1. Would you calculate the volume per residue, in Å³, of the smallest convex hull containing every Cα atom of the range 122-182?
2. Working from Cα positions, state the angle (0 to 90°, nearest 10) between the long axis of helix 54-63 and the longest principal axis of the chain.
3. What's the local net charge at G216, with K and R +1, D and E -1, over the other residues with C-beta under 12 Å away?
4. Using +1 on the beta carbon of Lys and Arg, -1 on that of Asp and Glu, and nothing else charged, what's the dipole of the range 122-182 about the Cα centre, debye to 20?
5. Taking the Cα centre of the chain as origin, sum charge times position over the Cβ atoms of Lys and Arg (+1) and Asp and Glu (-1), and report the length of that vector in debye to the nearest 20.
6. Would you be so kind as to identify which of L189, G143, H204 lies farthest towards the positive end of the dipole of the chain, taking Lys and Arg as +1 and Asp and Glu as -1 on Cβ and the Cα centre as origin?
7. Quick one: grab the alpha carbon gyration tensor of the chain, order the square roots of its eigenvalues as a ≥ b ≥ c, and give me rounded if a/c is under 1.5, else prolate or oblate depending on whether a/b is larger than b/c.
8. Which angle between 0 and 90 degrees, to the nearest 10, do you get for helix 33-52 versus the longest principal axis of the chain when only C-alpha atoms count?
Amino acid sequence: MTQDWRDEAKRHPKVIALNRLLANRKNELARDKQFVIETARLQPRLEEALAKHEKHMRVFFRTFSYPIGVRLIEVKKFLENLERKQLKNLLGRYLKYVARFGTVFRLRSKRPHFRLEYLIPWGSKFHVRLVKGHFEPADGYHGDEEPFEYFFESDRLKVPSVLGKHIASGKAKFVRIDDVSWSSALSRLEYFAYYPEGLTFVLHNAEQPYLLCLIGEKVTDSIWREASRVRSALLRASFERGKAGRPTNIPRLREAIRTRNRPGLLKGNITPEKSFYSEQSYISRVGSTLRD
């Protein structure tokens with residue numbers, strides 16, 4: 001009976017859609033150079049921290065298995081009470097990693113102690129109300145003890161057809177905010193930052209950087225096109241994105257990381273059919289990147 005229920009749940013359209021979103025996200029990250037590098041940087045450092053500061057690390061990863069959303073307030077208090085600066089910086093970097101890539105490390109008893117887990121991606125259309133400084137579902141709260149954000153998605157939200165095509169192709173998302181107070185932080189930002197004749201770029205430094213853009217009502221196509229250079233510069237500065245050059249060979253990068261992590265001399269880890277000196281040079285460059 002239990003198995004029948006599980007099989008039926010797997011065939012539910014919403015479950016199928018969520019699994020498809022998750023599979024797409026995994027494929028995107030598998031091709032993402034920054035994700036591959038940051039994962040390779042972070043995991044061994046978490047292992048080292050667990051060996052040195054086991055008590056703090058176990059408390060953190062058991063208490064904040066999903067350090068996202070409303071939990072960030074509690075996480076921030078936890079970090080503020082940590083006396084060890086190096087550990088605090090490492091966990092801060094981990095929070096940025098979770099927010100940026102939508103992945104977490106699960107602490108387990110056997111080595112390697114940290115296993116990667118992919119968070120189910122959000123949908124594409126959201127409708128919320130700003131009430132007393134926090135968001136609530138615009139369609140009302142239908143839960144019991146679940147967080148408000150579980151009800152932010154709104155498939156019924158109407159958008160222009162051109163935006164709908166971008167959403168359907170996975171190139172865009174849309175959030176509608178109904179501000180009933182007119183005095184929120186967003187309203188105060190827009191009061192001094194909104195520029196009808198142009199664009200206002202907003203860099204929100206939180207657990208990770210977030211780049212926002214206010215689009216003035218008189219913005220022309222030429223202004224929008226020219227702004228792509230500004231966007232690229234800001235992404236390079238905050239995310240190491242948009243650098244010129246040949247696209248990264250992700251399989252080669254992953255193999256170089258595995259080669260570095262194997263025990264023994266580097267020479268013995270490089271397969272005979274490869275040019276030793278060119279591969280050694282590449283692996284050395286990868287090692288320098290990972291030590292950042």
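Where a number appears in this text, it was derived from the coordinates with a stated rule and is not lab data. Please read all numbers here as calculations on a predicted model, not as lab measurements. Cβ: placed from backbone, ideal geometry, glycine included. Neighbour counts: every protein chain shown.
1. Details: hull volume 5.7 nm³, N = 61.
That works out to 94 Å³ per residue.
2. 30 degrees
3. Spelling it out: positives minus negatives among the neighbours equals -2.
4. Details: 9 positive and 10 negative charges, 117 e Å.
My answer is approximately 560 debye.
5. 1500 debye
6. Of the listed residues, the answer is H204.
7. Values: a/c = 1.62, a/b = 1.36, b/c = 1.20.
Prolate, since a/c reaches 1.5 and a/b exceeds b/c.
8. That helix lies at roughly 70 degrees to the long axis.
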